[in-house]
Amino acid sequence: MSVEQDVVVTPVQADRIQARGPAPRVGFGRRFLRQRGAVIALAILLVITAAAVLAPLWTFHDPNGGVLSDAFSGPSGSHWFGADDLGRDVFTRMVYGARLSLGAAVIAVGIALVIGLPFGLVAGFAGGRWDTVIMRVNDALMSFPPLILAVSIVGFLGASLTNAMAAIGIVYAPRLMRVVRGAAMSIRQETYVEAARMMGVPARQIIGRHVLPNILSPLLVEISLSLGFAILAEASLSFIGLGVQPPSASLGSMLGDAFRYLRRAPVFAIAPGVAIMIIVLSLNVLGDGLRDSLGRRARR
Amino acid sequence: MRAADVQRSGSGELLAIDGLSVDVAAEGGPVRLVNEVSFAVGSQETVALVGESGSGKSVTAMSILGLMPPRITTTRGSVRFDGRELLGLRSRELDRVRGNDIAMIFQEPMTSLNPAFTIGEQIAEQVRRHRGLSRQMARERAISVLDLVGVPSAAQRIKAYPHEFSGGMRQRVMMAMALSCEPKLLIADEPTTALDVTIQALVLAELHSLQQQLAMSVLFITHDLGVVAETADRVVVMYAGQVVESGRTADVFANPQHPYTEGLLQSVPRGDTAGSRLWSIPGVMPTPDALPPGCHFHPRCAHAQPGVCDQGEPQLQNLGPGRSSRCVRHGELRLSGIGAGGPVESGGVTIADGGAR
Amino acid sequence: MLRLLARRLLISVPILVIVTFVVFLLLQLAPGDPARRAAGGESASLQDVAAARHRLGLDEHWWVQYWHFFSGLFSGNLGRSFFSDQPVVSAISDRIPVSLSLMAGALVVALLIAVPAGIVAALRPGSVADRVVMLISAAGVAMPSFFIGLLLVLLFALKLEIFPATGYVPIEQSATQWFESLVLPWLTLGFAAAAEIARFLRASLLDVLDRDYIRTAKAKGIGMFSVVGKHAMKNAFSPVLTVIGLQVRFLLGGTVVVEQIFDLPGLGSLTVKAVFDRDYPIIQGVAITTALIVIVVNLMVDVAYGYLDPKLRAA
């Protein structure tokens with residue numbers, strides 16, 4: 001955090017400050033590439049995302065239709081991970097499941113951003129009474145155990161993937177809001193913002209040109225970590241049956257279905273479980289790497 | 001002749017450091033912070049280890065008790081205490097010496113005490129451990145030793161936490177802790193540097209009287225020559241990880257045999273130079289990874305001779321019993337010290353009148 | 001210290017009020033007509049529905065409804081289950097002991113694993129032990145808790161047959177069986193918490209071990225055990241306490257899934273059942289209760305902070 005200083009700025013200097021805009025993030029790309037773990041994680045994520053998004057192009061089985069005679073067949077040439085109880089190819093289902101899980105997570109985090117970003121900006125930048133009120137509501141929301149709140153919201157809205165995404169987004173918004181607020185607060189005290197304010201630059205412009213770009217760093221870190229949590233949350237909801245509804249499957253619901261056949265065919269459970277773990281782990285490592293390479297601003 | 005013999009003051013050595021070298025792991029390879037340091041401390045003697053920050057004096061002191069971080073430090077040489085070799089001892093055995101036979105107090109009283117425990121507890125645990133006293137007796141010992149160092153209302157204060165004390169008081173608490181088991185040797189690493197000048201004088205006086213009372217030896221580490229003049233029988237001057245001069249304080253001050261020592265003495269503000277410019281040795285001390293060839297001091301030395309001072313590895317030379325210098329040209333130079341001439345000041349307060357020892 | 005506590009209590013009040021409002025708001029989200037549901041569903045006559053609406057006070061303005069709801073909370077009335085007509089409060093209080101023993105045990109297990117792991121990792125940073133600890137904890141945080149549960153069930157219940165896969169035995173019936181029925185759930189729920197706590201403890205210890213007062217403690221010769229276990233831990237533990245407080249939220253949420261897997265009659269499974277039954281009062285009741293538990297736990301964490309950091313006590 002910067003110390004508030006007495007700033008005497010001549011009009012010419014102030015012009016230059018405003019023209020220069022946000023602090024340059026020199027060398028971020030290079031610093032990031034030095035974090036080997038994060039780079040590997042990013043690579044894994046890109047591969048998985050590409051595979052999932054392009055699923056119809058390269059998988060040969062129908063994820064939802066199965067040949068009963070194939071049921072419970074072990075790993076083979078045509079069924080890389082075997083087939084499930086209804087003869088559906090486990091691997092294909094996993095790819096499509098990953099697609100759903102990833103998509104749901106992205107939308108959920110998107111919702112959280114839509115809610116959290118504006119409130120965080122207002123609370124952090126305007127401060128005062130706005131801040132107090134918003135923070136109280138935030139505290140209240142964060143008093144609910146996340147999964148219970150999510151389950152409750154889904155409980156009231158009805159079980160479906162869209163409702164699950166909305167629920168996760170709402171549950172995650174307070175945390176994002178906190179991060180945005182923190183970053184906004186520390187930036188608000190920066191000298192160039194002070195200068196701009198003193199010159200009478202409208203708040204919206206200050207936020208847009210100075211505050212927002214500098215919040216990007218901690219926000220990126222948080223988004224990466226949030227995506228991980230969102231995937232876990234969606235998996236939990238689908239596991240219980242409150243998220244994805246059959247016949248569609250996400251990795252979480254696959255785990256839920258696999259419970260019944262645990263003794264007979266543990267691969268039904270292990271495969272999607274490991275898949276979730278890899279994705280979330282990569283997201284966490286990526287988030288940590290981003291935090292380390294973005295330096296001081298990224299520290300909460 | 002062992003290097004330590006060079007330093008012997010004749011009254012039997014309590015602590016004998018011989019060829020101590022300390023390397024620390026760094027990104028470009030190990031860096032030598034302390035290079036073949038040898039000196040001794042006799043019984044009931046006060047020896048001052050003098051040098052600028054980064055000269056290796058603190059590292060030397062911490063190596064005596066094995067306090068350097070183990071994984072990145074390599075220590076070679078010999079540190080003998082009471083005839084017993086300390087380097088290479090296992091942690092458990094070293095623990096019996098620490099706080100017991102040898103105690104150490106540190107520079108930053110504000111951060112050297114654990115904020116989560118009362119000072120009574122921090123003193124008592126040491127006595128319980130080394131003397132096996134019961135809780136009650138340990139508590140009483142804590143009170144009595146706090147009294148000894150001059151902490152008022154000791155019986156109430158043992159329940160207080162470190163943050164409730166001022167800097168000078170905290171340093172006294174540290175001293176109380178260090179003395180609680182009546183060590184034979186006290187290592188004091190710049191104990192007064194972080195303190196107010198007036199408090200400094202009080203703490204030093206306290207230390208002096210305690211030393212007499214407990215018949216202790218003291219290894220005093222400092223960069224302040226005023227303090228040295230006041231407290232030390234002998235002085236060992238360090239520069240860039242090496243000993244450059246040693247001898248009896250009066251001798252070294254009146255008659256320095258190394259240009260660095262001369263420079264240190266000349267840069268101390270004196271009462272009779274009021275109104276004139278303060279002088280300091282030009283340049284900066286080299287870092288351990290960028291040492292100049294030959295005599296490490298020669299780039300800053302007014303008496304440096306090219307061809308002589310910038311080559312080879314100057315050795316520590318014996319100039320008489322307990323007297324040594326690393327300057328290759330010491331015989332030719334006439335260096336000026338602070339003799340029975342002017343008083344020696346430090347921080348505006350006259351601490352010593354020259355050569356009274 | 002009391003002042004600190006009083007101040008925190010004061011802040012908790014508006015938070016609690018907002019909590020109740022949020023829960024009240026949740027009800028409004030529900031599609032369909034709660035009155036119809038209460039009256040028995042599709043088959044209910046219009047009269048029954050109207051009567052139900054009146055009975056539930058749903059024909060009043062929303063702020064009046066909220067006031068009823070709020071004041072009802074004070075008298076301990078959370079409504080009655082749509083499904084079983086049992087008072088929500090009694091349904092919850094029946095199940096709380098199970099969930100609490102699940103959570104408490106999980107926390108204990110988590111600490112038993114995390115504290116030694118964190119200490120070992122911090123004492124030898126960069127070593128094999130350290131890397132192993134960090135790897136396992138990274139994996140633990142990335143895994144859905146039920147995955148661990150499934151693996152544990154697979155290994156211990158199905159293959160080795162040491163512990164039961166499902167079912168709960170109340171402690172009054174048989175202490176050993178109660179214990180056995182909870183071991184796998186404890187491990188499942190506790191593992192993720194352990195992973196998080198271990199990481200934090202390691203980071204906190206690494207920071208503390210660098211401090212001057214640890215150097216002093218070493219120089220006193222009191223032994224590594226005291227230096228680390230007493231001096232370092234007391235200072236390193238505060239950030240960990242925050243993490244533990246946060247973990248309680250997640251543990252509470254985790255009961256939802258874990259109780260489903262192991263078929264334990266706790267709050268979590270109650271909530272899930274209520275969701276499938278569309279039993280709104282129960283859902284609301286659980287939401288408020290859990291939020292209350294979280295707030296209370298956070299208060300207790302603040303009190304514990306005061307104990308660990310004497311400087312706060314004077315505040």
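Here are the numbers for the structure shown:
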{"read-out": "Amide H within-cut-off set for residue B:104, under 5 Å, with H built and near neighbours excluded", "value": "B:99, B:187"}
{"read-out": "Table column - 3J(HN,Hα) (Hz), the range B:116-130, Karplus curve with 6.51, -1.76, 1.60, x for Gly and Pro", "value": "8, 10, 5, 5, x, 5, 5, 6, 4, 4, 5, 5, 4, 5, 8"}
{"read-out": "Size of electric dipole in chain C: Cβ of Lys, Arg +1 and of Asp, Glu -1, about Cα centre, debye, nearest 20", "value": "1440"}
{"read-out": "Euclidean distance between Cα centres, the range A:232-292 to the range B:178-236, Å", "value": "66"}
{"read-out": "Average Cα contact separation per residue, the range B:109-182, under 8 Å, 6 or more apart, as relative contact order %", "value": "46"}
{"read-out": "Rounded tilt (10° steps) of A:161-188 against the dominant C-alpha axis of chain A", "value": "20"}
{"read-out": "Value at 222 nm in deg cm²/dmol, rounded to 500, when DSSP H runs of n ≥ 4 in the protein assembly as shown each add -39,500 (n - 2.57)", "value": "-18000 deg cm²/dmol"}
{"read-out": "The protein assembly as shown - Kirkwood radius from inverse mean 1/r over Cα pairs (Å)", "value": "33.3"}
{"read-out": "When the convex hull of its Cα atoms is projected in every direction, mean area for the range B:109-182 (nm²)", "value": "4.2"}
{"read-out": "Cα lying deepest toward the dipole's positive end in the protein assembly as shown, options A:159, C:21, C:280, charges on Cβ", "value": "C:21"}
{"read-out": "Of C:208, B:238, B:63, farthest towards positive along the dipole that unit charges on Lys, Arg, Asp, Glu beta carbons give the protein assembly as shown", "value": "C:208"}
{"read-out": "For residues of A:230-237, the mean tally of beta carbons on other chains within 10 Å", "value": "4"}
{"read-out": "Cut-off 20 Å, label 7 Å out along Cα→Cβ of residue A:261, residues of the range A:49-79 by amide N", "value": "A:60-79"}
{"read-out": "GNM top mover of C:136, C:96, C:282 - chain C, alpha-carbon springs below 10 Å", "value": "C:136"}
{"read-out": "Whichever lysines have a C-alpha closer than 17 Å to that of residue C:273, once near sequence neighbours (fewer than 8 apart) are set aside", "value": "none"}
{"read-out": "Distance in nm between pseudo-label sites at residue A:133 and residue C:75 (7 Å out along the Cβ direction from Cα)", "value": "3.2"}
{"read-out": "Choice from C:223, C:285, C:118 with maximal GNM fluctuation in chain C (Cα, 10 Å cutoff)", "value": "C:223"}
{"read-out": "Modelled FRET efficiency - R0 60 Å, residue A:203 with residue C:48, Cβ distances, 0.05 increments", "value": "0.60"}
{"read-out": "Dipole in debye (nearest 20) - the protein assembly as shown, about Cα centre, beta carbon charges: Lys, Arg +1; Asp, Glu -1", "value": "360"}
{"read-out": "The range C:170-262 - Kirkwood radius from inverse mean 1/r over Cα pairs (Å)", "value": "15.7"}
{"read-out": "Derived scalar couplings ³J(HN,Hα) [the range A:125-134; Karplus, 6.51 cos²θ - 1.76 cosθ + 1.60; whole Hz; x for Gly, Pro]", "value": "8, 7, x, x, 5, 3, 4, 4, 4, 4"}
{"read-out": "Extension gain (nm, one decimal) between residue B:74 and residue B:193, 0.36 nm per residue minus Cα-Cα", "value": "40.0 nm"}
{"read-out": "Listed residue (B:132, B:209, B:280) projecting farthest to the positive dipole end of chain B, Cβ model", "value": "B:132"}
{"read-out": "Alpha carbon convex hull of chain A, projected area averaged over orientations, nm²", "value": "18.3"}
{"read-out": "Cut-off under 5 Å, modelled amide H: who pairs with residue A:243 long-range", "value": "A:238"}
{"read-out": "Whichever aspartates and glutamates have a C-alpha closer than 20 Å to that of residue B:159, once near sequence neighbours (fewer than 8 apart) are set aside", "value": "B:121, B:125, B:140, B:147, C:309"}
{"read-out": "Calculated FRET value between residue A:47 and residue C:7, using beta carbons and R₀ = 60 Å, to 0.05", "value": "0.70"}
{"read-out": "Most mobile listed residue (A:178, A:264, A:88) in chain A, GNM with C-alpha springs under 10 Å", "value": "A:264"}
{"read-out": "Amide N proximity, the range C:283-309 versus residue C:21 label position 7 Å along Cα-to-Cβ, cut-off under 18 Å", "value": "C:288, C:291-292"}
{"read-out": "Computed FRET value (nearest 0.05) for residue C:89 with residue C:124, which takes r as the C-beta separation and R₀ as 60 Å", "value": "0.70"}
{"read-out": "Gained length - residue B:144 relative to residue B:25, 0.36 nm times residue gap less alpha-carbon distance", "value": "38.5 nm"}
{"read-out": "Packing rank of A:58-64, B:233-239, where each peptide gets the mean count of other beta carbons within 10 Å, highest leading", "value": "B:233-239, A:58-64"}
{"read-out": "Eligible lysines near residue B:57 by straight Cα distance, threshold 22 Å, same-chain separation 8 or greater", "value": "B:184, C:218, C:220"}
{"read-out": "Value of D in µm² per second that Stokes-Einstein yields for chain B, Kirkwood Rh from Cα pairs, at 37 °C (0.692 mPa s)", "value": "155"}
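Where a number appears in this text, it was derived from the coordinates with a stated rule and is not lab data. What you see is a predicted model, and the numbers here were worked out from it, not measured in a lab. Methodologically, a virtual Cβ is constructed for each residue, glycine included, from the backbone with ideal geometry; neighbour enumeration extends over all protein chains shown.
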